[in-house]
């Protein structure tokens, strides 16, 4: 399977421009033969544009995700629609299963190549360090893992990388490819390089991080979207400028690595 990470330039509150760049990246990925493309975290409004969250929020049936769903079907490519600010009340009114009947969530949605919605993941760990995320958003509860293109695919988001127990839980549910849309800023470049590689090594799975590119008033994204294989080896990566990162990934490789080095069988359960 050819995987693409769309490291697009994200501008704060530039919803029209961000959507245009995202849809262009989906088309570019399809033209390059990708089977699945992932967009960054909060690509439609920009993670650090906190003042725009409320007015930019949409339910799952809203126009932003509808445009991505249509692009997936039109181009015949599966798309992880990074994440967007979800209006939970609007989604609940549509009959969706939501963690709260009101408020906002940082929500990633996975569409298959027919434009069918396959998974909804709401960010579990909300960033509290010099960030308004914990004040503005509601954390998710579900940990979906879905069959797609021969893989068991899961999604986490950015700050979730710092919580290895979440990735182990996904591994126990069979995940062998974890997609991580992100808005990771400077100066924590070494954390960005180390944490996803560690999560791949610990769980002997592919981990693919789709970060944004661009500057905000008080933050700059590091870019460096990367695909790591089950050994933690970098298969493809970018710098901090906009780029489309592509790599060939194989579910059989996960099985071979886990058979060759069966560390997951040796784990023990610890309780506090």
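The values are calculated or read from the model by the stated rules, or taken from the named source; none is laboratory data. Keep in mind the model is a prediction, meaning the values are calculated, not measured. Note: ideal-geometry Cβ built from the backbone for every residue, glycine included; neighbour counts use all protein chains shown.
Condition test on residue 20, is it over 18 Å from the mean Cα position of the chain (by Cα), free of Cβ contacts under 8 Å to residues at least 24 places away in the same chain, more than 28 Å from residue 134 (Cα to Cα) and outside any strand (DSSP E or B)? Yes: the conditions hold for residue 20.
Residues that are in contact with a strand residue (DSSP E or B) (Cβ under 9 Å, 6 or more places away or on another chain) and either assigned to a loop (DSSP other than H, G, I, E, B) or more than 22 Å from residue 77 (Cβ to Cβ) (or both) within the range 143-166 comprise 143, 144, 149, 156, 157, 158, 159, 160, 161, listed in sequence order.
Tally the residues that are outside any loop (DSSP other than H, G, I, E, B) and surrounded by 10 or more Cβ atoms within 10 Å (Cβ to Cβ), restricting the search to the range 253-272. Qualifying residue count for the region: 9. Report yes if residue 142 is surrounded by 24 or more Cβ atoms within 10 Å (Cβ to Cβ) and under 17 Å from the mean Cα position of the chain (by Cα), otherwise no. Judged against the criteria, residue 142 is not a match.
Exactly one residue out of 120, 109 is within 22 Å of residue 9 (Cα to Cα), modelled with pLDDT of 95 or more and in a strand (DSSP E or B), and it is 109. Scan the range 25-37 for residues that are over 18 Å from the mean Cα position of the chain (by Cα) and part of a helix (DSSP H, G or I) and the total you get is 4.
All of 111, 48 fail the test of being in contact with a strand residue (DSSP E or B) (Cβ under 7 Å, 6 or more places away or on another chain), surrounded by 20 or more Cβ atoms within 10 Å (Cβ to Cβ) and within 29 Å of residue 3 (Cα to Cα), apart from 111. Being within 18 Å of the chain's Cα centre (by Cα) and modelled with pLDDT under 95, is that true of even one residue in the range 220-234? The answer is no, given that none of the residues of the range 220-234 is within 18 Å of the chain's Cα centre (by Cα) and modelled with pLDDT under 95.
The set of residues in the range 224-239 that are under 17 Å from residue 190 (Cα atoms), touching a helix residue (DSSP H, G or I) at 6+ places or on another chain (Cβ under 9 Å) and assigned to a loop (DSSP other than H, G, I, E, B) comprises 224, 232, 233.
Taking the listed residues 140, 82, 128, the one that is under 18 Å from residue 50 (Cα atoms), touching a strand residue (DSSP E or B) at 6+ places or on another chain (Cβ under 6 Å) and in a loop (DSSP other than H, G, I, E, B) is 82, with no other qualifying. Scanning the range 95-118 for residues that are out of contact with any helix residue (DSSP H, G or I) (no Cβ under 8 Å at 6 or more places or on another chain) and over 26 Å from residue 152 (Cα atoms) turns up at least one hit. Filtering the range 14-27 to residues that are buried (at least 17 other Cβ atoms within 10 Å of the Cβ) and more than 18 Å from residue 181 (Cα to Cα) leaves only 14.
Looking at 176, 240, 218, which is the one that is buried (at least 23 other Cβ atoms within 10 Å of the Cβ) and either under 21 Å from residue 48 (Cβ atoms) or in contact (Cβ under 8 Å) with a residue 12 or more places away in the chain (or both)? Every option except 176 fails the conditions. Checked against the criterion of being over 14 Å from the mean Cα position of the chain (by Cα) and under 30 Å from residue 24 (Cα atoms), the candidates 103, 76 yield just one match: 76.
In the set 34, 57, only one residue is more than 25 Å from residue 98 (Cα to Cα), crowded, with 19+ Cβ neighbours inside 10 Å and in contact with a strand residue (DSSP E or B) (Cβ under 9 Å, 6 or more places away or on another chain); that residue is 34.
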